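To start, the structure itself, in structure tokens.
Just so it is clear, none of the values below were taken in a lab; they were calculated from the coordinates. Everything quoted here is computed from the prediction, not taken from an experiment. Methodologically, a virtual Cβ is constructed for each residue, glycine included, from the backbone with ideal geometry; neighbour enumeration extends over all protein chains shown.
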Ligand SMILES: [Fe+2]
Ligand SMILES: [Fe+2]
């Protein structure tokens with residue numbers, strides 16, 4: 001039996017989807033003026049940058065997608081190339097959401113629409129992105145990546161985890177759970 005190389009990533013998607021659900025819940029309320037907790041959006045940016053991007057996307061970009069390219073998937077005009085473009089597109093929405101949330105926190109008015117629009121655009125992009133990975137790209141990886149290189153992939157994930165603090169994931173789970181209670 002081949003060693004599993006995608007379940008850990010699917011589990012990370014579950015936490016990312018919980019943050020996406022919070023964005024989808026709060027952004028419409030920000031748009032209509034009833035939710036003005038700007039810190040939620042700044043904590044959302046921190047979650048996305050550190051947990052979704054530096055941690056999860058780094059495992060994909062530096063480890064799993066590299067392995068796919070080394071095992072026959074083209075680097076350009078391919079599912080991997082499309083996933084990388086979506087990671088970049090997500091970063092643009094997050095940057096815009098952060099800028100507007102910082103301005104709102106500092107007292108500028110009229111930032112609600114920009115915050116909500118970028119939060120919802122990010123949520124829609126990532127929801128679709130995660131479903132493509134969960135349903136198409138990861139199952140493909142499990143089919144095509146040979147057992148001989150799986151140990152290296154698992155070591156690559158471990159190296160990404162070793163670069164984080166010991167309580168990294170539990171910290172972000174607590175952040176999400178806290179806002180779910182709000
Ligand atoms: Fe991804
Ligand atoms: Fe992913």
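List of remarks:
- Residue within the stretch 64-79 that is buried (at least 18 other Cβ atoms within 10 Å of the Cβ) and away from ligand 1 (no atom under 16 Å from the Cβ) present: no
- Any hit, the stretch 85-102, residues being part of a helix (DSSP H, G or I), touching a helix residue (DSSP H, G or I) at 6+ places or on another chain (Cβ under 9 Å) and more than 17 Å from residue 49 (Cβ to Cβ): no
Let's see how each residue does on (1) surrounded by fewer than 16 Cβ atoms within 10 Å (Cβ to Cβ); (2) within 16 Å of ligand 2 (Cβ to nearest atom):
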site: 11; (1), (2): yes, yes
site: 14; (1), (2): yes, yes
site: 19; (1), (2): no, yes
site: 23; (1), (2): no, no
site: 26; (1), (2): no, no
site: 32; (1), (2): yes, no
site: 35; (1), (2): no, no
site: 43; (1), (2): no, no
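- Hits in the stretch 139-182 (condition: under 25 Å from residue 93 (Cα atoms), assigned to a helix (DSSP H, G or I) and in contact (Cβ under 8 Å) with a residue 24 or more places away in the chain): 160, 168, 169, 172, 173, 175, 176, 179, 180
- Residue within the stretch 47-61 that is more than 22 Å from residue 171 (Cα to Cα) and in contact (Cβ under 8 Å) with a residue 24 or more places away in the chain present: yes
- When the criteria are applied in full, residue 113 fails the requirement of being more than 13 Å from ligand 2 (Cβ to nearest atom), surrounded by fewer than 20 Cβ atoms within 10 Å (Cβ to Cβ) and part of a loop (DSSP other than H, G, I, E, B).
- Members of the stretch 67-84 that are part of a helix (DSSP H, G or I) and free of Cβ contacts under 8 Å to residues at least 60 places away in the same chain: 69, 80, 81, 82, 83, 84
- Residues of the stretch 132-143 classified as surrounded by fewer than 16 Cβ atoms within 10 Å (Cβ to Cβ) and more than 10 Å from ligand 2 (Cβ to nearest atom), total: 6
- Some residue of the stretch 1-8 being within 12 Å of ligand 2 (Cβ to nearest atom), part of a helix (DSSP H, G or I) and within 20 Å of residue 158 (Cβ to Cβ): yes
- Criterion (within 22 Å of residue 128 (Cβ to Cβ), more than 12 Å from ligand 1 (Cβ to nearest atom) and in contact (Cβ under 8 Å) with a residue 40 or more places away in the chain) met by exactly one of 42, 15: 15
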